[in-house]
Each structure stands twice: as structure tokens, then as C-alpha cells.
Amino acid sequence: MKWTGERLVTHIDAHFAYEHLHRYYIAMQFANGKKVLDAACGEGYGSALLAKNADSVTGIDLSDKAIDHANEKYGDYKTNFVRADVYSLPFPEGEFDLIVCFETIEHVNSPNRAIEELKRVLSPNGLLIISTPDRDSKHHLVSKAHNPFHLKELNQEEFQHLINQNFINSDFLYQKTITASLITSGESIGELKEYSGWFDGYAEVCPKNNSQYMIGFCSDSSLPSVLSNSILSYEPIHKSLIKRVILKIRNLFR
């Protein structure tokens, strides 16, 4: 599937690939034995990850090309992909135990309408995990509402209000890409302290400050009590110029 910048594809090695993977890794721990909906599944890699733990996974996307690709690459006895609009899902009320909706509501004109429809197909005791970029973030990698594929970005206050007006219970995590050194006790990360500085000094900063993404955990039932700090480590692959050119050429012909 061709890389256009709108949907992540698995042959792209960049920082944002790890951002997407990290979110799905967190969601996987809530998918055990569940009937899962992956809303705006794109290429389908996230649905395939969720299916490792879930009883069944349905991925939906508005793109026929994405759905055809996902069914061909990942479709199996418990993973299927259906073309659908997040405003009008072709499922009965309360169909899913877990709904994952990452980096989607910024692509629609009415995030609230999308949330209402996702809630309709969520079981009364179900969990929605949803993420979106923080419009007001000062992080150097954020789009600052200039992404051509984004129709409506929210800030932290607006996102929390959107979630809280639709669900009884909510909790939030905050995500950002950093270049860092990690020191741990060896047992558990626990509370995470973040410092910013150089040879001339440093300052302790709040880890949620300048987060690129907000992740909401939403339910009308009790929320899971296992939300915690986590880090996805990776080593960037420094491609030579010729390798970068070859990758671009390959992408043109996908």
C-alpha cells in the first residue's frame, strides 16, 4: 500500500511509526478475550496486533483501497475488515467490548458525532480507547493544526470535555516522542520524572507538558486500574542516501 502521509504503512521507518505502535501495544493488554473494533484501521497492522489477544477484531476504514489491502494482508478466521464511515457504523448497538480509535477524530468535522456513534456500538461495560493530537502542544514534531489531512484538532481541555460529556468515567494518558536516557530501579518504572537540560543546567518538567498526543480511556462502567507510564524503545535506522532514494522509488510504484 502506497505511503501518502495520511495512513501509516509498515514499510515506513520513522518516529511516527513507533508512536502508533506504542498506542496499540497499550491497547493489546485490554483486548484479552474481547470482541474488538479498530475504528479507522488504515493498513490493518494495528488490528492484526490486537487479534493476538482478542477473540475477534473488526477493522473499519473509509478507504476501499485500505480495506482491500488489510483483508489481503491480515484477514483470517478472527480478523476481518469492512469499509465503513465512523459516522454510520454497520453494527448493532453494544456489539463490541473494546473499541480502539487512534488518530481519527481530527480527520472529521464533528468529533462529537463520531464519539456518539462509537459509543452506540460499545457494550454497556465496554471500553473505548481513543487518541488525538494536542493542538496547543509546543513539541517540535507536532503539526500545529497544519496537517492537510486534519479537519479539526483539539487541545487538552476540549478533548477532555468531549470525552466527559459522552462517558461517565474517563482517564487520560499523554504521549510524546523524546530522545532520552532512561534510569530505572529495575523493578518498575512507577512515577516518572522528566528533566530537560544541557551542560549549563537543567530543569525538571511535567511529563505531560508538550505532549503530542492525548489518549482517552472511556467507559460508562468502571475503568481498568492498570494505566501506567510506559516507554517504547527503538533505535532509528540511519539510511544512506541511496537507500532513501530506493525507498521513495518503491513507494511510487505501490
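The values are calculated or read from the model by the stated rules, or taken from the named source; none is laboratory data. Since the model is a prediction, treat every value here as computed from it, not as a measurement. No Cβ is skipped: glycine too gets one built from the backbone with ideal geometry, and neighbour counts run over all protein chains shown. These accessible areas exclude ligands, DNA and RNA; they are computed on the full protein's heavy atoms, side chains included. Shrake-Rupley method; radii C 1.70, N 1.55, O 1.52, S 1.80 Å.
Structure values in brief
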item: Single unsatisfied condition, Thr179 versus (1) part of a loop (DSSP other than H, G, I, E, B); (2) surrounded by 10 or more Cβ atoms within 10 Å (Cβ to Cβ); (3) of a type in the set (S, T, N, Q); (4) modelled with pLDDT under 85; result: (2)
item: Hits in region 65-112 (condition: touching a strand residue (DSSP E or B) at 6+ places or on another chain (Cβ under 8 Å), of a type in the set (S, T, N, Q) and over 18 Å from Met214 (Cα atoms)); result: Asn71, Thr79, Asn80
item: Within region 33-149, strands (runs of 3 or more DSSP E) holding 1 or more residues that are open to solvent by 60 Å² or more (accessible area, probe 1.4 Å) and touching a Phe, Trp or Tyr at 6+ places or on another chain (Cβ under 7 Å); result: 35-39
item: Within region 186-210, tally of residues that are assigned to a loop (DSSP other than H, G, I, E, B), of a type outside the set (Asp, Glu) and modelled with pLDDT of 85 or more; result: 1
item: Any hit, region 239-251, residues being modelled with pLDDT of 75 or more and part of a loop (DSSP other than H, G, I, E, B); result: no
item: Tally of residues being modelled with pLDDT under 95, of a type outside the set (D, E, K, R), open to solvent by less than 50 Å² (accessible area, probe 1.4 Å) and in a loop (DSSP other than H, G, I, E, B) across region 150-174; result: 2
